[in-house]
Amino acid sequence: MLVKVTDGKVTDEYYTVEKLRADNPNTSFPDVVPSSLLLEYGVHIVEDVDPPTDYNRDTHQASFSIREVDGVWTQVWETVRRNESKAANMARMKRDKLLRVTDHYALSDNTLSTEMATYRQALRDVPNQSGFPFDVTWPTKP
């Protein structure tokens with residue numbers, strides 16, 4: 001990932017070598033532009049950072065900004081807890097998907113095993129858990 005920096009501020013978070021070439025039509029660049037040449041044009045390579053390991057997309061929303069940290073342009077992740085309504089909606093969508101995956105076991109021409117029936121009921125009961133929607137214990141599929 002590249003960024004264009006002007007006067008110490010990011011002016012384009014999604015900069016590319018193609019944009020560099022378009023911005024400088026009278027300049028010939030090599031196929032692979034070395035980082036030293038990128039720097040001459042205010043273009044910096046951004047250090048890619050994974051989202052936090054405790055990030056849960058069902059209960060939190062994550063975004064990153066690009067900041068200079070100790071002289072290196074870096075992705076800085078921020079997570080915000082979803083509001084209860086959004087988190088509940090995300091949990092129900094996950095529950096519904098898990099139920100759909102097992103629907104074929106419950107067709108009239110199949111005999112539903114006790115384990116599968118228990119699993120499907122546990123999925124339907126997820127919204128009744130005391131920690132719902134932020135602390136959900138998902139049942140294990142048999």
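The values are calculated or read from the model by the stated rules, or taken from the named source; none is laboratory data. Bear in mind the structure is a predicted one, so any value in this text is a computation, not a measurement. Backbone-built Cβ (ideal geometry, glycine too); neighbour counts: all protein chains shown. In case anyone asks, the SASA skips ligands and DNA or RNA and just uses the protein heavy atoms, side chains included. Shrake-Rupley method; radii C 1.70, N 1.55, O 1.52, S 1.80 Å.
Residues of the range 36-55 with the amide nitrogen closer than 19 Å to a label point 7 Å from the Cα of Arg21, along Cα-to-Cβ, please.
Under cut-off, by backbone N: 36-45.
Using Cα pairs closer than 8 Å and at least 6 residues apart in sequence, work out the relative contact order for the range 1-127, in percent.
Dividing the mean separation by the residue count of the range 1-127 yields 17 percent.
Specify the residue with the greatest mean-square fluctuation among Tyr15, Tyr105, Tyr119, computed from a Gaussian network of the chain linking alpha-carbon atoms under 10 Å apart.
The residue that fluctuates most here is Tyr105.
Rounded to the nearest 10 degrees, what's the angle between the helix 114-124 long axis and the longest principal axis of the chain, both from Cα atoms, 0 to 90?
Helix 114-124 and the main axis of the chain meet at about 60 degrees.
Could you tell me the number of lysine pairs in the chain with C-alpha atoms less than 28 Å from each other, where the two lysines are 8 or more residues apart or belong to different chains?
7
Give me the 1.4 Å probe accessible area per residue for the range 1-112, excluding ligands and nucleic acids, in Å².
Heavy-atom accessible area per residue stands at 70 Å².
Which percent of Cα-Cα pairs in the range 13-142 sits in each 5 Å bin, short to long?
Histogram of Cα-Cα distances, whole percents per bin: 2, 8, 13, 11, 10, 9, 8, 7, 7, 7, 6, 5, 3, 1, 0.
Rounded to the nearest 500, what is the chain's calculated 222 nm mean residue ellipticity when only DSSP H runs of at least 4 contribute -39500 (n - 2.57) each, over all residues?
Mean residue ellipticity at 222 nm (helix-derived): -9000 deg cm²/dmol.
I want to check the label-to-label distance for Asn110 and Phe64. Put each point 7 Å from Cα in the C-beta direction and report it in nm to one decimal.
Label at Asn110, label at Phe64, 4.0 nm between them.
With the full set of protein chains in place, find how many percent of the accessible area of the chain is carbon and sulfur; take the probe as 1.4 Å.
48
Between His60 and residues 5 or more places away or on another chain, which pairs have amide H atoms under 5 Å apart, with H built 1.01 Å from N, and which residues are they?
HN-HN under 5 Å from His60: Arg82.
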